[in-house]
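Please treat every number below as a calculation from the coordinates, not as lab data. Note that the coordinates shown come from a computational prediction; the quantities given were computed from them, not determined experimentally. Cβ: placed from backbone, ideal geometry, glycine included. Neighbour counts: every protein chain shown.
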Amino acid sequence: MSGADIVVIDALTPTLRRLRAAATDLSRPMAEASEVMLEDSLENFQGEHDPLGIPWKKSAEAIAEGRKTLQKSGDLRNALERQSGTDFAAVGVYGTGGPAIYGRIHQWGGTIRPKVGKALNTPYGYRASVTMPRRSFLGFSDDAIMQIDRILVRHLLSAVNAGAPA
């Protein structure tokens, strides 16, 4: 290592320390990111589409009742919660009952079969099984990804600039 290398490293040390500290605790940008994710998921309910903008298959019950799909009571939409910490941001339906149970089948789709007995009691009579189409409401739109990228870059640039806004 030459003397010039040491000078350059010494000159960068305060900036690198600030950058390392900012990257170690991402609590603030992760909280902002989780808010973006929540808003994006709520928009999916509003627009009745998945995170990529692909429309959900309209439910027969929603058509018959003249309402939006997945929004009979609003419980699933209202159960969305955001969480964040020093190194993560998340949005989901947490808990053990109600929306946490049926949110999964709507997110991924699948076949529901009776746990007890031979048939399910549906609004359309008894059925041996019911196949639910995938109606993803959690995920990232391209716009949300870009917003989260900007939040993280702004946070790190602020550390490089000694706290000055990026």
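Some notes on this structure:
- Close amide-amide hydrogen proximity is noted between T69 and S59, each under 5 Å apart and 5 or more residues distant or on a separate chain (H modeled in the peptide plane; Pro and chain starts excluded).
- The HN-Hα couplings worked out from phi for region 73-86 by the Karplus form 6.51 cos²θ - 1.76 cosθ + 1.60 (θ = phi - 60°) are 9, x, 4, 5, 4, 6, 7, 5, 9, 9, 9, 7, x, 5 Hz, whole numbers, x standing for Gly and Pro.
- For peptides 108-121, 71-84, sequence by mean Cβ density within 10 Å, most packed first: 71-84, 108-121
- Set of aspartates and glutamates with alpha-carbon distance to K68 below 19 Å, sequence-local pairs under 8 removed: E39, D40, E43, E48, D50
- The fewest-to-most ranking of Y102, Y124, Y94 by surrounding Cβ atoms within 10 Å reads Y124, Y94, Y102.
- Which of H49, H106 has the fewest Cβ neighbours within 10 Å, and the rest in rising order: H49, H106
- Listed by Cβ neighbour count within 10 Å, with the fewest neighbours leading, K68, K57 appear as K57, K68.
- Annotation: lysines with alpha-carbon distance below 17 angstrom to K72 (same-chain offsets under eight excluded): K57, K58.
- Summing charges over neighbours of P55, with a neighbour being any other residue whose Cβ is under 10 Å away from its Cβ, gives +1 when K and R count +1 and D and E count -1.
- Between L120 and D75, the C-beta separation translates, for a Förster distance of 22 Å, into a calculated FRET efficiency of about 0.65.
- Given the choices (1) 1, 7, 12, 15, 16, 16, 12, 9, 6, 3, 1, 1, 0, 0, 0; (2) 2, 7, 15, 19, 22, 18, 11, 4, 1, 0, 0; (3) 1, 8, 12, 15, 14, 11, 8, 7, 6, 5, 4, 3, 2, 1, 1, 1, 0, P(r) over Cα pairs in 5 Å bins from 0, in percent derived from the coordinates of this structure is entry (3).
- Ordering 50-56, 40-46 by mean Cβ neighbour count within 10 Å, with the highest value first, yields 40-46, 50-56.
- Extending 7 Å from the Cα toward the beta-carbon at both R17 and V160 defines two label points whose distance is 2.0 nm.
- Amide H to amide H, with H built 1.01 Å from N, H49 comes under 5 Å of W56, counting only residues 5 or more places away or on other chains.
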